[in-house]
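This report refers to the structure that appears directly beneath it.
The values are calculated or read from the model by the stated rules, or taken from the named source; none is laboratory data. None of the values given here were measured: they were computed from a predicted structure. When we count neighbours, we look across all protein chains shown, and the Cβ atoms used for this are built from the backbone with ideal geometry, even at glycine. To get the accessible areas, we keep the full protein, side chains included, count just its heavy atoms, and leave off ligands, DNA and RNA. Shrake-Rupley method; radii C 1.70, N 1.55, O 1.52, S 1.80 Å.
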Amino acid sequence: MATEETKKKIVESAIDLFNKRGFKGITMDDVASSIHISKRTLYEIFASKRELVLECLTEVYQKIDKIRMEYIVKSNEPLLMTLFLIRNVIVNRAKYWRLFEESEIYYPDIHAQLLKTTGKKLRDSLGKVFY
């Protein structure tokens, strides 16, 4: 299980680094150094920077999605739920602005796929509340 724990630390650190300095401003060496592992260990877990970026973006979208879905399930008031969802979008857009902006530029295919997946889940969940 050390590998899963290491993978989690890599992703958390990479999200933070990418969000602060951008995808182009961070190397795999920077990521490895940030959690005191060798570059070789990093490449054993993530074969490429693109693979790491995919995992980071997936993690961010899943965190946001989880918060939204928990609120949708708990809410029985459509207006309050709508306001929460709007606020959630604004807060997360501000928190992860660089990841979102740069993923559209440098990894548009990954960005589009994640938006499509989370958007469908959100539409399906909202459909249950409003219809």
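Selection of the stretch 76-92 for residues being in a helix (DSSP H, G or I) and charged (D, E, K, R) yields only Arg87. Across the stretch 7-63, the number of residues qualifying as open to solvent by less than 70 Å² (accessible area, probe 1.4 Å), touching a Lys or Arg at 6+ places or on another chain (Cβ under 7 Å), more than 27 Å from Asn88 (Cα to Cα) and not β-branched (Val, Ile, Thr) comes to 2.
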